[in-house]
Amino acid sequence: MEAPQSSNSTPVQSRDEISGHGAFCPVGGMVDGGSSNFSREQQTLRNQRLKTAAIILCGGSFAFFVRNLTLGLYSSPLMQKLGFGHAALVIVLAGAALFLHRCFVACRFRLLSLEFIIFGLPTLLFVWMQHCRTCDCSPELLDQMAASYPAETAVPWIILINIYAWFVPNSLRRAVVVIGAMGVIPLAGAVIVSIEQPIVRDRMFGGGGFSALLLWLVISGVTAIYGSFRIGRLRREAYDAKQLGSYFLKKKLGAGGMGEVHLAEHQLLKRPCAIKLIRAEKADDATAIARFESEVQATAGLTHVNTVEIYDFGYTQDGTFYYAMEFLPGMDLQAAVDKTGPMPAARVVHLLKQVSSALGEAHRAGLIHRDIKPGNIFATERGGVLDVAKLLDFGLVKSLDTPDSSPEITIEGAVIGSPMYAPPERVLGESEPDARGDIYSLGATAYFLLTGRPVFQGDKVLKVLFAHANESPLPLSELRADIPGDVEAIIMQCLAKNPDERFQTAEELEAALQATNCSTAWTQQQARESWHIADSGTGGASQTTNAAEIETQVLA
């Protein structure tokens, strides 16, 4: 998981969350092999919907069964047989609902059989019910029954047709066939009853009853078919919208000034990954897209184990740029300090050595990160090893090999980096960005990790930037007495105002950290304890009272 570009803390991501589902749907997704995956999703949905339909029809049938018993409608021998059939239907529907609740039906034939049971048996009961009512009706009531026959026939069929259309996922062709059959059956039943009962025939064909029944069923059927078609189309569009190339978006993890991050899964490899895509409101911003492309292209060329790995990138059909990177269980260092307070010096040295090594590769490739901060360093787990540092978010990267012909690309979303960690020369605009600026930002990050507060605090952006340019930071030992002297000396050297007085390369910084007395003191047992504390949400409180406000002001 990549940390969002905002200052908000990123929660711990456990493996259990990989199965989550998100609601975000970028428009016009690219689908590779989407049909088979969509069919599997449809099968799962059909199981759920058939269960729901069975429960609804069972409940409705039971309610009418109780009503008919209460009114004494099952008193005659013929109607008693209908009553037994009605009770059997309730039991069968209840059994189908219970079966679907307990079992997932993967066999297509079994699903079709269950669909026939749930919807076919009620149709047979409706036909039988109308036939029994006309045959069992007394002569003096037959004329009244004949007058009400079209409406009493149409209502239950309209309900059944619409339940089928709205609940059962279907193709347009299948919906036309099934719903069409549901509409024809009551019409055929009306014709049979009219042949047996002349009074019904006179009412149905002489009084316009049949045409009314026909119109009700046609209108209901057309509406149901269109509704089934639209729901199916929207369901397919929603599924396709969650597809990006070979990736399926599952849930939104975070958002920042430029992009959004989503948990995704590769369709073939079934590998969890993080997808970052440009924010929808910036999709037409050429400058934003250029910066986004710069980030992925720069990061994709780096292979260091402590740099986030890029798997793939591309565009959706509507032009939305995205890229896929490794999913990182854990949390960024900003969130870690927010949850548990300042870190032990040994842990900070352990993490900074890894980040310095990753920066060394980037600098040798002529790339300056320019946005080093706690939120862009991730403490993750790899191969059972905890506290593996990952350097994220090269969104402000700059190549030293080419002139910056488009300086506006780096302005979006920040004052060229994060003001809480900006080097003085960048604030003053005195020189071109180089490796020493990243070293200053990494020193400011270490200062925060050790003390729980940024190097300079203030309620205004300009006040913090002015402090970076003109004020000397408080020695670490004044804020925390247990920080080793050699570690303090390294951090304070990183924070020198004059770039010439800092470590000149990331390799020099890494070597200095390696030479400290606590460079190998951080153990996996200590890492496990720290992760447990962070996961449980306990620990010391962070003192970063103004950092989030300042980041928000800059990103606004």
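Each reported figure results from applying straightforward, stated rules to the coordinates on display, with no laboratory input. The model shown is predicted, which means the values in this text are computed figures rather than measured ones. Note that each Cβ is placed from the backbone with ideal geometry, even for glycine, and that neighbours are counted across all protein chains shown.
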Handout entry: Projected area averaged over orientations for region 471-519, convex hull of C-alpha atoms, nm²
Key = 3.6 nm²
Exercise for the section: Pull up the cross-link candidates among the lysines for residue 390, meaning alpha carbon to alpha carbon under 20 Å and not fewer than 8 places away within one chain. Expected result: 276, 339, 353, 373, 398
Practice task
Report the full-extension gain for the segment residue 520 to residue 108: residue separation times 0.36 nm, less the Cα-Cα distance, to one decimal in nm.
Solution key: 142.4 nm
Practice task
Identify the residues of region 200-225 with backbone N under 18 Å of a label point that sits 7 angstrom from the Cα of residue 144 along the Cα-to-Cβ direction, or state none.
Solution key: 200, 203
Handout entry: Total formal charge among the other residues, if their Cβ is under 13 angstrom from that of residue 453, Lys/Arg +1 and Asp/Glu -1
Key = -1
Fill in the blank from the handout: Dividing the mean separation of Cα pairs under 8 Å (6+ apart) by the residue count of region 34-218 yields a relative contact order in percent of 25 percent
Completion exercise
Per the rule of 0.36 nm per residue minus the C-alpha distance, extending residue 463 to residue 44 adds in nm 145.1 nm
Handout entry: Student exercise, region 34-218 dipole from Lys, Arg, Asp, Glu Cβ charges, in Debye to nearest 20
Key = 900 debye
Practice task
Just add up the charged neighbours of residue 476: K/R +1, D/E -1, any other residue whose Cβ is under 13 Å from the Cβ of residue 476.
Solution key: -2
